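Notes follow the structure.
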Amino acid sequence: MKMLINVPETVVADALRGLAASHPELIVDVENRVIVRRDAPVEGKVALVSGGGSGHEPLHGGFVGPGMLDAACPGEVFTSPVPDQMVRAAAAVDSGQGVLFVVKSYTGDVLNFDMAAELAEDEGIQVAKVLVNDDVAVDDGLSTAGRRGTGATVFVEKLAGAAAEEGAPLERVESIARRVNELSRSFGVALSACSTPAKGGPTFDLPAGELELGVGIHGEPGRERRAMMTSREIADYAVETVVADLRPDNPVLLLVGGMGATPQLELYGFAAEVHRALGERRVAVARTLVGNYVTSLDMAGASISLCQVDEDLLRLWDAPVRTAGLRWGA
C-alpha cells in the first residue's frame, strides 16, 4: 500500500520535525517526544497535559497552544506514550499551580498516566487526572475496561483549557473537565479499515460493501457490521444511539469528525443529516464543528460527538483558542 513516508521506523519523528518547522509557536522535542507551547510555563496558570498514540492527528499535538493544552506527549502509532514523556511534559509546563492530565480510556494510557502522576508528585508537581470515556458503542473493548475515549477529548481539552487560560484553580479546571466528560457521548462508523505504517496494509478486514457501526479509533470492533448504508441512515443510527444514552435536556455542541480519509464534501453532507436527525428528536445544537479532529490514520468514515452545554460551558467553548488544529477568537 502506498504511503507518503520515508520508512515506518521514523514516521513519528518525521511528523514531529514537520510540526516544529511549521509551527514556531511550539517547542517540539523530537528525541523525547514532547510538544510544549513556547510561552510555557505561564505564570499563575494551571497546565493541561495530554497524549496518546500517534495516528489520531491533530489530536493531541495539534491542540497545544493558548486556550487548550500546554503540552502533549505523542507515542508511536497507536501506542501509548511512556511515563517519562509525561513527567517531562509536566515539569516543562508547571507554573506551581498544578497540572491536569487528560487521559483517554485505553489501558496503556491509563496505566502510564497513573505512573507518571506518581512520579511527577515525587518531584513536587501537583497533578490531577481526568479520564475521557465517551464512546457509547461498547462498554468493554479490546484495549480498555469500560467505554473508550474518543471525540469528547476535544470538548474536554477545549473547555478545561479555556478555564485554565482564564486563571481558574486546579480544582475548578478538573471539575469542568470531569463534568464535560460526563455530559458527552460519541459514536463512530468505519467505511474502510485503517493502515499502519508498520503493517503497510489494513489492520482489520472490512469487506467491500460493508461498514462497521461503533468502530474504535484504532479499528477496534464496534456493535455490528451491516451492508453499506446511506448517509441519512447512518446519521439516524448514530444519533439515536447517542441521544438514547445521553438524554440531553440542554443544547449541545456537535462534533462531526472525519476518521481521516473521508472528504469534507461528504462530512458536510453527513453533518446535514445529523442536524436533521437531532432536530427530529428535539435536540438543539448550539455550535457545530466539522472536520478531522480525532482520526484513525487513513480510515474512511465519520463519528459524531455531543456535549450538553449551559451558558458557562458555551462561553468557554467560544473563548479564544490558538493551536495548530483549532483556532478562533482574538
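Listed values, structure above:
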| quantity | calculated |
| --- | --- |
| Strands (runs of 3 or more DSSP E) completely within the stretch 152-241 that count 1 or more residues being hydroxyl-bearing (S, T, Y) and under 20 Å from N292 (Cβ atoms) | 184-190 |
| Subset of the stretch 243-270 (residues that are open to solvent by less than 40 Å² (accessible area, probe 1.4 Å) and closer than 15 Å to G188 by Cβ) | L254, L255, V256, G257, G258, M259, G260, T262, L267, F270 |
| Residue within the stretch 96-103 that is more than 14 Å from the chain's Cα centre (by Cα), hydrophobic (A, V, I, L, M, F, W, C) and open to solvent by 10 Å² or more (accessible area, probe 1.4 Å) present | no |
| Qualifying residue in the stretch 219-242 (condition: within 22 Å of M1 (Cα to Cα), crowded, with 16+ Cβ neighbours inside 10 Å and modelled with pLDDT of 95 or more) | no |
| Any hit, the stretch 288-305, residues being open to solvent by 40 Å² or more (accessible area, probe 1.4 Å), part of a helix (DSSP H, G or I) and acidic (D, E) | no |
| Residues of the stretch 138-158 classified as modelled with pLDDT of 95 or more and more than 16 Å from the chain's Cα centre (by Cα), total | 0 |
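One line per residue, one yes/no per condition, for (1) open to solvent by less than 10 Å² (accessible area, probe 1.4 Å); (2) under 19 Å from D114 (Cα atoms); (3) in a helix (DSSP H, G or I):
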{"position": "E43", "(1), (2), (3)": "no, no, no"}
{"position": "S50", "(1), (2), (3)": "yes, yes, no"}
{"position": "L59", "(1), (2), (3)": "yes, no, no"}
{"position": "G67", "(1), (2), (3)": "yes, no, no"}
{"position": "P81", "(1), (2), (3)": "yes, yes, no"}
{"position": "V87", "(1), (2), (3)": "no, yes, yes"}
{"position": "A91", "(1), (2), (3)": "no, yes, yes"}
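The values are calculated or read from the model by the stated rules, or taken from the named source; none is laboratory data. As the structure is a prediction and not an experimental result, all values here were calculated from the model. Using ideal geometry, Cβ is built from the backbone for each residue, glycine included, and neighbour counts are taken over all protein chains shown. Ligands, DNA and RNA are stripped out before the accessible areas are found, and what is left, the full protein with its side chains, is counted by its heavy atoms. Shrake-Rupley method; radii C 1.70, N 1.55, O 1.52, S 1.80 Å.
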